[in-house]
Amino acid sequence: MNASYAWLKSFVPFPHSPAELRDLLTARAATVDDVVPLRADLETIVVGLVVEAAAHPDSDHLHVTKVDAGTGELLDVVCGAPNVRAGSKYPFAGVGTTLPGGLTLERRKIRGQWSNGMLCSARELQLGDEHDGILELDTDAAPGTPFLHAYPAGDTRLVIDVLPNRPDLLSHVGVAREIAAATRLPMSRELPVALTASVPAAVRVAARGTTGGVSVRLDDAAGCPRYMGVVIRGVRVAPSPAWLTDRLVAVGSRAINNIVDVTNYVMHESGQPMHAFDVAKLAGPALVIRRARDGETIVTLDGVSRALRTDTTVIADAEHAQAIAGVMGGSTSEVSDATTDLLLEVAHFDPASVRRARVALGLATDASYRFERYVDIENAAHVLERTAQLIVALAGGRIDGEPVDVYPDPRAPRHVPLRVARVERLLGVAVAARDIKELLTAVGFAFAAGDGVALEVTVPAWRSDVIGEIDLIEEVARLRGYESFPDDLRPFRVGTSPDAPRASLERAVRTRLVAAGLLETRSMPFVAGADEGFVRVANPLAANEGYLRREVLDTLARRAEYNLARMQRNVRLFEIGATFAPSGSAMPVEEVHVAALVMGARRPPHFTEQSPPAFDAWDAKALAEELLDAMRIADASLVPGDGDVLWNVRRAGEHIGGVSRVTLDAPVWAAPAFGIEIRLAAVDSSPVAPAGAHAPAATSAAPTRAAIAYRALPTTPSSEIDVALLVPSNLPAAMVEETIRAAAGGLLESLVVVDEYHGDGVPAGFRSIAWRLTFRDPARTLQSKEIAGRREKILRTLEKEHNVRQRSS
């Protein structure tokens, strides 16, 4: 939404500068993304202070001055204006500045005296026709201050990010209403031109009516709940006055003629789009609001012939479609220089219907943008009257009879109860009923008689987002000012409802991966794909991403390639997102997966280690184990895979994920990439225990995520032994570990691999793996013979079950 600073100020006499207004609106209504001075050609002009002014020695009308332009030194400037005097401030353009007329200033001699710039007049800055003297500034701004900060030169555009729930802010009236409420200043809607035309009250009908000899019939009440029209005869199409043109330019629009400009002006003022038809070009003359016919086409105002779908609402005359409802008018009935009689349309179109038509046609306009988000249906009569009056004021003509108002199902005002105690409970501070009424009344809400405990609030028609009590409480907080609430911690009642299991699981996974140094991505689930095995998107955002992904790693791989193309070789990414697989029904099978991709250096460089080792397959496996631990999956295992699949993750015989090499379109210097992907859907719905909580122990009947066990820190010493074993190359180390744990008994506290060796002294077909075993008894100190006995038992068991022997030194 582009808003004009001057236009807003014509509604509310606020004292704020554009920057201050930006901060006010951002804090209370909607974020202002940008503040754009429309006289950017004056950005290099600064405030100059004339310190000395003396007559030119070789001229009877020139002056030689010394100007402080904030540069730290006084500049010699020759000036021919009669009103220049020491101690005054003027616009100053230094050497190298290009003036609005295109002249670039140079250092030059004038009658033998050097001049380093120019003290400017209003005409030279294109701020007026005054050329008798330079523009004297009444300002406290210091020398060197940008001229635009000290002088109201031209308008300023505010670019406001209006969210879909606040369509009322897509108008200057809506924004001005918020400013008036915030500043407690009166709001008016005065125009630079007097509105003297009298518009009769509209005649309301249910389905058909007549205005000014034009028949109006509503056949599609679902697509158009309300349609108003009035005929104005005898208009003269001409250019618009400067004030109207300036306001349209300020919001990024362009002037066309006084009729079209008025409709655009009132749209930006009120948020209500409208359209003017040339009555002489309407067959009948009649207007019929109906659905498009099979095979019907229309040439829109942009000169493009468009085929219409039968679910599109159109405004037609007695023969053909003349406009696409809520989107764009047709060229065959547009207002031209020859137009003398016109029908002004002010309507309310169904948001969903407008969006459907706009998407089907690939056509977006200012009108469709507003209609899609909801236009106040109850404001139509006021807008019709104001627009008709303004057309007559600027183009002449007369109102021909009573307007017609086809409104088959008038909407009743919405009433929402509001409990004062509920406001305090949710906001944490008491807000008196009197203050609630004052805050909400300022932005258009009304109240029935209340007892101070419960209030009956009437919601204004333009606030389509307010449907319940919680919305009103949010309004109270917003209007009161979020900064007015205390920021100290206060007592609260802990809720007893746990988080959703999936949310708890995702939070645990996200926390663990971030702690491991990975960065989260949130990508769109679209990939290049192929017809076989992928779900095709009916209306893709991009031609090269026309399918839904089957694996999250497909997306992470493209992100990795993006980084490599920018010489970023160290990649650590993860994503929790949806995947899609074809099914026999119309809807695909959707699952949530967590995936991670790592490549490059295992850790950041350090002066103690200039070349850190790269990620390898074992790092990827360890990361997969971290993920399983974060999910509290106690009964999952990693089974060696084939080819690029390094390990499969299985649980109860079911494949739930894997660790794999990731093939990338990568330069030769790129390190190998490894990926992990696990189905979150494979995890049961029991919640993950938060840190510090006591989770119930898992039962053998239902193996689920492992519970977190907490115990006191040990007070007895541990005993450690290292065992180097010759392990057959085809025997997984995990099976050896499992046997060690079973043979070691309950005193084994930890078991970790400390070394793997291939080389001299190791027989062919074997590898040497060393484990460190830590034993501890929580109640006493273990004796050396106990440790030796367990060591011998472990070695006997390993040799008997796996042909694993201790390696001799």
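Could you order the peptides 401-407, 762-768 from most to least packed, using the average number of other C-beta atoms within 10 Å per residue?
The densest-packed peptide leads the list: 401-407, 762-768.
Taking 7 Å steps out from each Cα toward its Cβ at ASP76 and ALA307 produces label points 7.7 nm apart.
Taking the longest Cα principal axis of the chain as reference, the axis of helix 784-802 is set at about 80 degrees. Of all lysines in the structure, the ones whose alpha carbon falls short of 30 Å from that of LYS66, not counting any fewer than 8 places away in one chain, are LYS89, LYS109. Could you work out how far apart the two model spin labels at TRP669 and TYR482 are, taking each label as a point 7 Å from the Cα in the direction of the beta carbon, and quote it in nm? Between TRP669 and TYR482, the label points sit 4.4 nm apart. If I take R0 = 51 Å and measure r between the Cβ atoms of LEU195 and ALA421 in this structure, what FRET efficiency does the formula 1/(1 + (r/R0)^6) give, to the nearest 0.05? So, using R0 = 51 Å, E works out to roughly 0.60. A Förster radius of 30 Å combined with the Cβ-Cβ distance from THR608 to SER750 puts the calculated FRET efficiency at roughly 0.65. Just checking my list (1) 111, 84, 61; (2) 95, 64, 51; (3) 126, 77, 60 against Cα extents along the principal axes in Å computed from this structure; which label fits? Correct label, based on the coordinates given: (1). Residue-wise HN-Hα couplings along the range 330-337, as the Karplus relation 6.51 cos²θ - 1.76 cosθ + 1.60 with θ = phi - 60° gives them from phi, are x, 6, 6, 10, 6, 6, 10, 4 Hz; Gly and Pro carry x.
Distance from the Cα centre of the range 580-646 to that of the range 421-456, in angstrom? Cα centroid of the range 580-646 versus Cα centroid of the range 421-456: 53 Å apart. 3J(HN,Hα) along the range 2-18: 8, 10, 8, 4, 5, 5, 4, 5, 6, 8, 10, x, 6, x, 6, 6, x Hz, from the Karplus curve 6.51 cos²θ - 1.76 cosθ + 1.60 with θ = phi - 60°, whole Hz, x for Gly and Pro. Taking Lys and Arg as +1 and Asp and Glu as -1, the other residues whose beta-carbon sits under 11 Å from that of LEU343 total -3.
For the chain, the mean residue ellipticity at 222 nm estimated from helices alone is -7500 deg cm²/dmol, where every DSSP H run of n ≥ 4 contributes -39500 (n - 2.57) and the total is divided by all residues, rounded to the nearest 500. For the range 99-138, backbone nitrogen atoms closer than 18 Å to the point 7 Å from LYS66 Cα along Cα-to-C-beta are found at 113-119.
Of the trypsin sites (Lys or Arg not before Pro) found in the range 344-415, the ones in coil according to DSSP and having at most 12 other Cβ atoms within 10 Å of their Cβ are ARG411. In this structure the amide hydrogen of HIS275, modeled in the peptide plane, comes within under 5 Å of the amide hydrogens of GLU345, none closer than 5 places in sequence on its chain.
What does a probe at HIS149 reach in the range 20-55, counting residues whose amide N is under 12 Å from the point 7 Å along Cα→Cβ? From the range 20-55, the list is 46-47. Taking amide H atoms as placed 1.01 Å from N in the peptide plane, the amide H of GLN322 lies under 5 Å from those of ILE315, ALA316, ASP317, each 5 or more residues away in sequence or on another chain. On the beta carbon distance between GLU319 and SER583, with R0 = 56 Å, the FRET formula returns roughly 0.70. Computed packing ranks the peptides 236-242, 309-315, 169-175 as 169-175, 309-315, 236-242, most packed first, by mean other Cβ atoms within 10 Å. Stretched out straight at 0.36 nm per residue, the stretch from ALA442 to ASP33 would grow longer than its current Cα-Cα span by 144.7 nm.
So how do 270-278, 183-191, 516-524, 556-564 stack up, highest first, on mean other-Cβ count within 10 Å?
Highest-to-lowest ranking by the protection proxy: 270-278, 556-564, 516-524, 183-191.
What is the sum of charges, Lys and Arg at +1 and Asp and Glu at -1, for the other residues whose Cβ falls under 15 Å from the Cβ of ALA442?
Its environment carries a net charge of +3.
The chymotrypsin sites (Phe, Trp or Tyr not before Pro) of the range 602-653 meeting both criteria, a DSSP state outside H, G, I, E and B (loop) and at most 13 other C-beta atoms within 10 angstrom of the site's C-beta, are PHE607. Between the range 325-370 and the range 457-506, the C-alpha centres lie 38 angstrom from each other.
Points 7 angstrom from Cα along the Cβ direction at ARG780 and ASP161: gap in nanometres? Between ARG780 and ASP161, the simple spin-label model gives 6.9 nm. Once the Cα-Cα distance is subtracted from the 0.36 nm per residue extended length, the ALA40 to ALA454 segment shows a gain of 143.8 nm. What does DSSP give for the chain in terms of the percent of beta bridges that are antiparallel, rounded to the nearest 5? In the chain, DSSP labels about 95 percent of beta bridges as antiparallel.
For LYS800, give me every one of the lysines with a C-alpha distance below 23 angstrom, ignoring sequence neighbours fewer than eight places off in its own chain. List returned: LYS785. Our estimate of slack between ALA19 and ASN539, defined as 0.36 nm per intervening residue step minus the Cα-Cα distance, is 183.1 nm.
In sequence order, the range 266-282 has phi-based couplings of 5, 4, 5, 6, 9, x, 9, x, 8, 8, 10, 9, 6, 4, 5, 9, 9 Hz under the Karplus curve 6.51 cos²θ - 1.76 cosθ + 1.60, θ = phi - 60°, and Gly or Pro positions carry x. Tell me which of ILE399, ALA671, GLY229 sits at the most positive position along the dipole axis of the chain, charges placed on C-beta atoms (Lys, Arg +1; Asp, Glu -1). Working it through, the farthest residue towards the positive pole turns out to be ALA671.
Throughout, read-outs are computed from the coordinates displayed, never taken from laboratory work. Small disclaimer: the values here were computed from a predicted structure and weren't measured. Glycine also receives a Cβ, built like all others from the backbone with ideal geometry; neighbour counts cover every protein chain displayed.
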